[in-house]
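Okay, so here's the structure we're looking at.
Derivation of every value follows stated rules applied to the coordinates shown; laboratory data play no part. No experiment lies behind these values; they were computed from the predicted model shown. FYI the Cβ positions are ideal-geometry reconstructions off the backbone, even for glycines, and counts take in every protein chain you see.
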Amino acid sequence: DTAVSQTPKYLVTQMGNDKSIKCEQNLGHDTMYWYKQDSKKFLKIMFSYNNKELIINETVPNRFSPKSPDKAHLNLHINSLELGDSAVYFCASSPTPDRGYGANVLTFGAGSRLTVL
Amino acid sequence: AQSVAQPEDQVNVAEGNPLTVKCTYSVSGNPYLFWYVQYPNRGLQFLLKYITGDNLVKGSYGFEAEFNKSQTSFHLKKPSALVSDSALYFCAVRLPYSGNTPLVFGKGTRLSVIA
């Protein structure tokens, strides 16, 4: 029943490791996002995909690589993890833009808390 | 560039009292404005949005927000707060027909409703 599901929910790892977070949505949405929420709860867009095509790529280190095998999945792979990568990562999805493009509501997953030691 | 400001990090209110969580925006045009709520260890949930039309927008859980163009504000309100309303609230803005520009969130305001 979960609309947007992320795995794992918690991830603890050492600096320098490579890790992935997976996201799946069963809402039939065409657009998916990754947001990063830092320790101060500030929420910042990282990436957005529409129908498997990258449409937003904010200033994010190239150690972060999103992959969308199909429009229902958007995974986030992080290479050479650093202490500053510790955060909660949220996946979200939204429907295809309507006539009032930009009015679409985002549905968020529960988040994946990454801790880099 | 579009941005939102939530001037209060924390708002405390007694249960049963009215609550207001403030949001002001900065965009060059008519914005789409949103409120989302985040409960502990959960993702953000949509509360309400302003697109056009009536300046007073009603949303989930008895919340409402008023769009004020002259003051560039979109404050969230509820007539009678519940303890269960305690959460982190985010205001967000986007320009319509703005291509691929993302939804921009404020830094969040933590609401504590005290019994």
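Please grab the % of Cα pairs in the protein assembly as shown that end up more than 21 Å from each other. Walk me through the numbers on the way to the answer.
Values: 15052 of 26796 pairs.
That tail contains 56 percent of the Cα-Cα pairs.
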- Item | Spatially close lysines, pair count over chain B: Cα under 20 Å, gap of eight or more or interchain | 16
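Remind me, relative contact order of chain A in percent, using alpha carbon pairs under 8 angstrom and six or more residues apart?
Numbers: 288 pairs, mean separation 41.7, N = 117.
In percent, rounded to a whole number, it is 36.
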- With r defined as the distance between the Cβ atoms of A:K67 and B:S26 and R0 fixed at 30 Å, what FRET efficiency is calculated, to the nearest 0.05? 0.30
- Label point distance in nm, B:D54-A:Q14, each placed 7 Å from Cα along Cα→Cβ: 6.0 nm
- Query: Can you work out ³J(HN,Hα) from phi for every residue in segment B:77-82, in order, using Karplus 6.51 cos²θ - 1.76 cosθ + 1.60 and θ = phi - 60°, giving whole Hz and x for Gly and Pro?
  - Reply: 9, 8, x, 9, 6, 10
- Message: With viscosity set to 0.692 mPa s at 37 °C, what whole-number translational diffusion coefficient in µm²/s follows for segment B:1-67 from Stokes-Einstein and a Kirkwood radius over Cα pairs?
- Response: 241 µm²/s
- For chain B, compute Rh as the Kirkwood radius over C-alpha pairs and then the Stokes-Einstein diffusion coefficient at 10 °C and 1.306 mPa s; write the answer in µm²/s, rounded to an integer. 112 µm²/s
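How high is the FRET efficiency from B:Q71 to B:F46, r the C-beta distance, R0 25 Å, rounded to 0.05?
0.55
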- Task: Could you tell me, in Å, what Rg and Dmax come out for the Cα atoms of chain A?
- Result: 13.7, 46
